[in-house]
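What follows is one structure encoded as structure tokens, with my remarks underneath.
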Amino acid sequence: MTDPAAPEPAPSPPPGCPAHAGAIRLSGLEYQQSPSELYRSMRREQGAVAPILLDGDIPAWLVLGYAEVSYVTSHDELFARDSRRWNQWENIPADWPLMPFVGYQPSVLFAEGAEHQRRAGVITEALESVDQFELAHWSTRIADQLIDGFAGSGQAELMSAYAHALPMRAAVQMCGMPARGSDTDDLVRDLQISLDAAEGDDPVAAYVRVQERIQRLVKDKRGTPGPDVTSRMLRHPAGLTDEEIVQDLISIIAAAQQPTANWICNTLRLLLTDDRFALNVSGGRLSVGQALNEVLWLDTPTQNFIGRWAVRDTQLGGRQIRAGDCVVLGLAAANTDPQIWPEGHIGAENSSHLSFSNGEHRCPYPAPLLADVIARTAIETLLERLPDVVLAVEPEQLTWRPSIWMRGLTSLPVQFTPVVQ
């Protein structure tokens, strides 16, 4: 009898496919709820680089090893970001669910060499001008407004009512949009669909709507600049076009919203379910900081990242990678690689995880610092305002979204003593 939750092997790979008959479809209940078990199984059976099948049985490679992910991200001359190299484009339909991730755009995400350095430099300088104390102030104010909306009820579903909304409002305010309003709410919804579509969603259409909204923002800031990230990018001497800025702003906002939302919620889950934090979490900055870092190791918001494309035939982890093959970065698997944690103990005080990737295409400085400000402020404000907050369900009743890309809960229901406003 076969296990219905087990990942399905491919019966026969298509001609010219880099994967062989042992390729794993990244789907099924085991993957959705316990991906770490699947990573261990794949690493044991396939090694540090495993053949996989993406949506529609499109072949790719999943890099599971810490050393191998570090190598890929440090060698752009072998594994580059321009997806037009992919040798599978003839098999990709226009409405492929992963098109928002891999469809080439004139964005910093797909730029290479000097062009990437130019684009990333503009982003870095625009983000460096964000005052972290001011961002913490904005984030606290947004957190208070959100908490005010449910504090009197004694219960809340934090994923939708808090964790998703807060980083998005903070990010769009950094970029010059109002933190509240129908435009922002629509942008939050469409970004979530484009990054992590549920059944029945249209991620491609959602991404088009995101582009249209950011195009309006850039046009508005051309006419009326302000003290915001968008205006700083527009007046940067590198002279980016409006279309380049639109694409790079989408990258900034998307990176600030969905991963940070899951970082917040995954950390709250840890704080509310792990006895190590139960005694001193309320208002305890050290405990919150430890929990935030531990989540990046064990439940990193971005599990897998697509991708890199092989520039030429090469070897990786004992595998023959052909020119044009797609390589998926297994960030979650790499972070728990037994080669770096031989005794199975993750050191939460260590910050050398790959959750923000590595190399030239890693999350640009100081974006991780800004994300930490938003996430830490969100958690500390919630615990300060609702000090007796507890889960409203048993921990084992919490479920994870069925995504191979993002690691986030479907919901985080809590209860607490109602607070009279």
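Taking the listed residues LEU26, LEU53, the one that is at pLDDT 90 or above, under 30 Å from LEU398 (Cα atoms) and touching a strand residue (DSSP E or B) at 6+ places or on another chain (Cβ under 9 Å) is LEU53, with no other qualifying. Comparison of PRO364, PRO402 shows that the only residue that is open to solvent by 50 Å² or more (accessible area, probe 1.4 Å), at negative phi, not in a helix (DSSP H, G or I) and not acidic (Asp, Glu) is PRO402.
Flag: ASP220 matches the condition of being in a helix (DSSP H, G or I) and either open to solvent by 10 Å² or more (accessible area, probe 1.4 Å) or of a type in the set (S, T, N, Q) (or both).
In this structure, does ASN87 turn out to be at pLDDT 95 or above, under 15 Å from ILE306 (Cα atoms) and of a type outside the set (A, V, I, L, M, F, W, C)? Yes. Looking only at region 42-94, residues that are assigned to a helix (DSSP H, G or I) and open to solvent by 10 Å² or more (accessible area, probe 1.4 Å) come to 18 in all. Taking region 175-193 as the search range and keeping residues that are open to solvent by less than 40 Å² (accessible area, probe 1.4 Å) and over 28 Å from LEU98 (Cβ atoms), which one is farthest from the chain's Cα centre (by Cα)? Once the filter is applied, the top-ranked residue is GLY181. Of the residues examined, ASP248 is one that is part of a helix (DSSP H, G or I), open to solvent by less than 10 Å² (accessible area, probe 1.4 Å) and among the charged types (D, E, K, R). Here is a check on your reading of the model: is ALA19 out of contact with any Ser or Thr (no Cβ under 7 Å at 6 or more places or on another chain), over 30 Å from GLU396 (Cα atoms) and at pLDDT 90 or above? Answer is no for this residue. Counting only residues that are at pLDDT 95 or above and out of contact with any Lys or Arg (no Cβ under 8 Å at 6 or more places or on another chain), region 306-317 holds 5 of them.
Here are some residues: ALA143, ALA171, ALA156. Which one is hydrophobic (A, V, I, L, M, F, W, C), buried (at least 21 other Cβ atoms within 10 Å of the Cβ) and assigned to a strand (DSSP E or B)? Before you say what the answer is, go through the steps one by one.
Working: ALA143 fails: assigned to a strand (DSSP E or B); ALA171 fails: assigned to a strand (DSSP E or B).
Testing whether each residue is hydrophobic (A, V, I, L, M, F, W, C), buried (at least 21 other Cβ atoms within 10 Å of the Cβ) and assigned to a strand (DSSP E or B) leaves just ALA156.
Take THR300 and decide whether it is open to solvent by 10 Å² or more (accessible area, probe 1.4 Å) and β-branched (Val, Ile, Thr). So THR300 fails the test.
Within region 251-262, the only residue that satisfies the criterion of being open to solvent by 20 Å² or more (accessible area, probe 1.4 Å) and in contact with a Pro (Cβ under 7 Å, 6 or more places away or on another chain) is PRO259. Taking the conditions exactly as written (open to solvent by 20 Å² or more (accessible area, probe 1.4 Å) and more than 17 Å from GLY65 (Cβ to Cβ)), does ASP274 satisfy them or not? When the stated conditions are applied, ASP274 passes them. Considering VAL295, VAL288, the condition of being open to solvent by less than 10 Å² (accessible area, probe 1.4 Å) and free of Cβ contacts under 8 Å to residues at least 40 places away in the same chain is satisfied by VAL295 alone.
Restricting to region 408-421, name every residue that is within 27 Å of the chain's Cα centre (by Cα) and either within 20 Å of GLY200 (Cα to Cα) or open to solvent by 60 Å² or more (accessible area, probe 1.4 Å) (or both). GLY408, LEU409, THR410, SER411 - these are the residues of region 408-421 that are within 27 Å of the chain's Cα centre (by Cα) and either within 20 Å of GLY200 (Cα to Cα) or open to solvent by 60 Å² or more (accessible area, probe 1.4 Å) (or both). Which condition number does ASN335 fail, the rest of (1) open to solvent by 10 Å² or more (accessible area, probe 1.4 Å); (2) touching a His at 6+ places or on another chain (Cβ under 8 Å); (3) of a type outside the set (A, V, I, L, M); (4) closer than 22 Å to GLY47 by Cβ being met? All conditions pass for ASN335, except number (1). May I ask you to verify whether ASP196 is more than 15 Å from VAL108 (Cα to Cα), buried (at least 17 other Cβ atoms within 10 Å of the Cβ) and modelled with pLDDT of 95 or more? Criteria not met by ASP196.
The values are calculated or read from the model by the stated rules, or taken from the named source; none is laboratory data. All values derive from a computational prediction rather than experimental measurement. Here the Cβ is made from the backbone with ideal geometry for all residues, glycine too, and neighbour counts use every protein chain on show. These area figures cover heavy atoms from the full protein model, side chains too; ligands, DNA and RNA do not enter into them. Shrake-Rupley method; radii C 1.70, N 1.55, O 1.52, S 1.80 Å.
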